[in-house]
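**Student:** First, the structure itself, so that you have it in front of you.
Bear in mind that the values in this text are calculations on the coordinates, not laboratory data. Note that the structure is predicted; figures quoted are calculated from it, not measured. As a convention, Cβ positions derive from the backbone with ideal geometry for all residues, glycine included, and neighbour counts pool all protein chains shown.
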Amino acid sequence: DGHHRYETALTFHAERPELAGTDATLCYVVELAPDQLTVQPIHRLLSDLPEGTGLVGALGERFEVGPLEGLPDPAVIHRLVERGALALLTAEGMRLLTPRSGAFEGVADLDTARLDAALQAVPDHSLRFQHGVGHVVAAVTGGTAQAGVLLRPVSVAQIEATAHARAKMPPKSTFFWPKPRTGTVLRSIR
């Protein structure tokens, strides 16, 4: 995690090499192993959809859309992992979204990449990122989002495969845990 921060540090050093200490950056290192690292999903909130947008139909071009169910609790993530599905949340409830066979050729094997491809069929909208199933449900039922999409967490194997391919994970595809405690860190530049 943090390649965006690392790239920013490199850019800043290239812009201001005369400043002492710009050739280094702080980092927090965790072993890339399932028992050492927890990866949580970052879900999506959709708003500013034009009135009458057929979200189920648009997403149905690339996903098998399941029947309407009640709104989920946080345990739904285990079900998504088992089923290989995402979930669409609207004020009416939840529908599982299972990728259609062959609908994502040339798209990275990641929920974030699949959803980005599928959302191209949706009229102009606003997209926000949200941690936690409860927060997505609250946004949808509270009216601050018209819909939400729950994603599965990226596996350590997917992260490792992306790294070995010398590629980058799509933005907002991983929420690594544990996080370092919030605070201030001072580093001497002398």
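**Student:** Just check the stretch 106-190 against the gyration tensor rule for me: Cα atoms, a ≥ b ≥ c as the square roots of the eigenvalues, rounded for a/c under 1.5, and otherwise prolate or oblate depending on whether a/b exceeds b/c. Walk me through the numbers before you get to the answer.
**Tutor:** Details: a/c = 2.16, a/b = 1.27, b/c = 1.71.
It is oblate, given that a/c is not under 1.5 and a/b is not larger than b/c.
**Student:** Same structure again: Could you work out how far helix 3-15 tilts from the main Cα principal axis of the chain, as a 0 to 90 degree angle to the nearest 10?
**Tutor:** So the inclination is approximately 40 degrees.
**Student:** So, counting K/R as plus one and D/E as minus one, what does the shell of residues with Cβ under 13 Å around Leu97 add up to? Walk me through the numbers before you get to the answer.
**Tutor:** Values: positive: Arg44, Arg62, Arg79, Arg83, Arg95, Arg100, Arg114, Arg152; negative: Glu61, Glu64, Glu69, Asp111.
Net of charged neighbours comes to +4.
**Student:** Fully extended, how many nm does the chain gain between His78 and Ala91 (0.36 nm per residue separation, minus their Cα-Cα distance)? Intermediate results must be reported in sequence, preceding the final value.
**Tutor:** Details: separation 13, 0.36 × 13 = 4.68 nm, distance 2.20 nm.
Taking 0.36 nm per residue and subtracting the Cα distance, the gain is 2.5 nm.
**Student:** Further question on the same structure: Determine, for each peptide in 128-136, 76-84, the mean count of other beta carbons within 10 angstrom over its residues, then list the peptides with the highest first.
**Tutor:** For the peptides 128-136, 76-84, the packing ranking is 128-136, 76-84.
**Student:** Fully extended, how many nm does the chain gain between His4 and Thr25 (0.36 nm per residue separation, minus their Cα-Cα distance)? Mind showing how you got there, number by number?
**Tutor:** Numbers: separation 21, 0.36 × 21 = 7.56 nm, distance 1.24 nm.
Contour length minus Cα-Cα distance gives 6.3 nm.
**Student:** With the chain treated as a Gaussian network of Cα nodes joined by springs under 10 Å, which of Glu160, Glu64, Glu105 yields the largest mean-square fluctuation?
**Tutor:** Result: Glu105 has the largest fluctuation of those listed.
**Student:** Using the Cα centre as the reference, give the magnitude of the dipole from point charges on the C-beta atoms of the stretch 64-110 (Lys, Arg: +1; Asp, Glu: -1; all else neutral), rounded to the nearest 20 debye. Intermediate values should be presented prior to the final figure.
**Tutor:** Working: 4 positive and 7 negative charges, 6 e Å.
With Lys and Arg at +1 and Asp and Glu at -1, about 40 debye.
**Student:** Let me ask something else about it. Calculate log10 I(q)/I(0) of the stretch 84-152 for q = 0.20, 0.23, 0.29 Å⁻¹, where I(q) comes from the Debye formula with a single equal point scatterer on each Cα and nothing for solvent.
**Tutor:** Taken in order of the listed q values, log10 I(q)/I(0) reads -0.87, -1.11, -1.46.
**Student:** Can you compute the FRET efficiency between His13 and Ala157 using 1/(1 + (r/R0)^6), with r the Cβ-Cβ distance and R0 = 30 Å? Round to the nearest 0.05. Intermediate values should be presented prior to the final figure.
**Tutor:** Details: r = 33 Å, r/R0 = 1.09.
Plugging the Cβ-Cβ distance into 1/(1 + (r/R0)^6) gives 0.35.
**Student:** Which option, (i) -0.50, -0.87, -1.32; (ii) -0.36, -0.74, -1.41; (iii) -0.40, -0.77, -1.32, is the value of log10 I(q)/I(0) by the Debye sum over Cα atoms at q = 0.10, 0.14, 0.19 Å⁻¹ that was calculated from these coordinates?
**Tutor:** Derived directly from the coordinates: (i).
**Student:** While we're looking at this one, here's another question. Summing -39500 (n - 2.57) over the DSSP H runs of n ≥ 4 in the chain and dividing by its residue number, what mean residue ellipticity at 222 nm do you reach, to the nearest 500 deg cm²/dmol?
**Tutor:** Numbers: 6 runs with 53 residues, N = 190.
After summing the helix terms and dividing by the residues of the chain, the value is -8000 deg cm²/dmol.
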